[in-house]
Every structure is written in structure tokens, then in C-alpha cells.
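The values are calculated or read from the model by the stated rules, or taken from the named source; none is laboratory data. From a predicted model like this one, the values you see are computed outputs, not experimental measurements. Heads up, the Cβs are rebuilt from the backbone with ideal geometry, glycines too, and the neighbour counts pull from every protein chain shown.
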Amino acid sequence: MKANRVFRKVIDKIRLLSRKDRESYLLLYSILGYVPGDISIYKTAMTHSSSASGSSRKLVSNERLEFLGDAVLSSVTSDYLYSNFTKEREGFLSKSRSNLVCRERLNELALAIGLDRFLTVCGLPPQHNNDIYGNAFEALVGAIYIDKGYKQCKRFLLDRVFSRFDDIEAVVKADKNYKSRLIEWAQKNHKTVEFRVLSEELRKDGVYFVSEVLVDGDMRGVGDGFSKRESQQKAARQVIFEMGI
């Protein structure tokens with residue numbers, strides 16, 4: 001069986017070298033671990049709406065694939081957690097799923113598997129807004145589903161994504177959604193939390209936001225980023241670290 005897999009990989013690489021667009025195929029092969037069927041789907045997955053053009057820009061960007069990939073990713077993650085944490089209750093499983101597929105985690109995973117390189121090959125320049133990488137990751141999962149089906153999506157996520165975690169139990173318990181953590185803490189401790197956008201600045205790379213967070217009316221944290229969500233997450237993280245929440 002192992003010999004057959006090695007042989008298939010050799011054949012795949014030979015096939016890749018004969019492809020017209022072999023740079024893209026080879027890069028995708030290194031990310032996916034298999035030869036993609038229709039590479040145009042994967043290129044669409046790497047097309048952010050800001051780089052799409054024409055009146056149908058939303059149809060040729062990765063937004064629809066992102067929607068599909070989000071659902072498939074949630075399904076595979078739920079299956080994985082249900083099978084591996086057999087003694088845990090629904091509340092733990094739900095929170096663990098949120099921790100595994102939160103935007104910050106997807107941004108990190110996208111960079112870890114080299115998705116930023118494929119984005120560049122597809123014509124999207126490096127971005128300061130890291131959420132673009134997480135969105136592209138979800139769109140990639142959607143593209144895999146369209147091209148190869150659910151089983152291949154599951155194999156890709158288990159073998160090439162979740163396997164990167166040295167301690168999966170520590171990961172599922174590490175809540176990186178700082179805004180949600182802060183709001184949850186405030187509710188338990190009868191505190192008020194308010195997020196405010198202080199400024200929006202149109203820059204060459206996109207809209208740059210600065211946000212603050214107030215606890216019981218007092219400003220406790222400030223964050224910035226190329227999305228409102230990113231700036232609020234940074235502000236919430238500052239509060240959590242400084243208050244020891």
C-alpha cells in the first residue's frame with residue numbers, strides 16, 4: 001500500500017511537469033498533496049473581491065467559495081471533535097470548534113501551509129489585512145469540495161492541517177477570540193463592555209481602522225488593523241492581557 005502511494009506521487013509529479021501552467025500546479029500540489037483537477041476553481045478561490053474586476057466582480061471573486069468552504073470546514077471539524085473527544089459535552093464541542101476555526105487560527109493556518117505564495121502567484125499582492133488569508137483558506141476548502149468532494153476535503157484537513165497541531169487538546173481549549181472572551185467575562189462579572197471605532201483611514205492597501213474598548217465606561221484598550229474586526233480583536237486582547245482575564 002505504501003509503495004503504491006509513493007508510485008502515485010512519482011506519477012503525479014511527472015504529470016505536473018507536463019502541465020502548461022506548471023508553476024501554479026506544482027505550488028498547489030505542495031499545499032494540497034494531490035494533483036488538482038480544475039485549477040481555475042483554485043485560482044478563483046485566491047481571487048479577493050478587491051482584485052476582481054467588471055460588473056460581476058462578486059461572482060468571480062472567492063466569496064461564494066468562502067461561503068461553501070466555511071460550511072464544509074465546520075462539518076469536518078465537528079466530525080473530528082465528536083470522534084476524538086467522546087466524553088465531552090455539546091458545550092465543549094461547540095466552543096472547541098469555534099476555537100479551531102476562528103479567523104485568527106485560519107489566518108495562521110493559511111500562512112503555515114503556504115497559501116500566501118499561491119495568492120501571490122494568482123496576482124494578489126501581499127496584504128496587511130491578515131483576514132484575507134483566512135478567507136482564502138475557507139475558499140480553498142470550498143474549491144477542494146467542488147473539485148474532489150467531501151472525502152478529499154476531510155483528508156486534506158486531517159492530514160495536512162490538523163496534523164500540524166502538536167497538542168490538539170491544548171489548541172481546542174485555547175480561545176483566540178478575544179472579543180468574545182471579553183464580552184463573556186463582562187457578562188459573568190456584571191460589567192459593561194463597549195467597542196468604538198475611533199478612526200477609519202483609506203490607505204493604499206485598504207481601509208485602516210483604529211478601535212477602542214471601554215469597560216464600565218473607562219477606556220481600557222486600543223487596537224488597529226485593516227478591518228474593523230481586527231482592530232477590535234487587538235483592543236480586546238490588550239484588555240485581557242492587562243487585566244489578567
Margin query: Quick check on my filter: what residues within the range 202-225 are surrounded by fewer than 17 Cβ atoms within 10 Å (Cβ to Cβ) and within 25 Å of the chain's Cα centre (by Cα)?
Written below: 202, 203, 204, 205, 206, 207, 222, 224
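Residues are listed down the side, and each one gets a yes or a no for (1) β-branched (Val, Ile, Thr); (2) within 27 Å of residue 29 (Cα to Cα); (3) surrounded by 21 or more Cβ atoms within 10 Å (Cβ to Cβ); (4) in contact with a Lys or Arg (Cβ under 9 Å, 6 or more places away or on another chain):
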site: 73; (1), (2), (3), (4): no, yes, yes, no
site: 84; (1), (2), (3), (4): no, no, no, no
site: 88; (1), (2), (3), (4): no, no, no, no
site: 104; (1), (2), (3), (4): no, yes, no, yes
site: 136; (1), (2), (3), (4): no, yes, yes, no
site: 147; (1), (2), (3), (4): no, yes, no, no
site: 161; (1), (2), (3), (4): yes, yes, no, no
Next item on the list: Grab the helices (runs of 4 or more DSSP H) fully contained in the range 149-232, keeping just those with 3 or more residues being at pLDDT 90 or above and not assigned by TED's automatic domain parsing to the domain that holds residue 83.
Entry: 178-188
Check: How many residues are modelled with pLDDT of 85 or more, in a helix (DSSP H, G or I) and surrounded by 14 or more Cβ atoms within 10 Å (Cβ to Cβ) when one looks only at the range 33-65?
Finding: 9
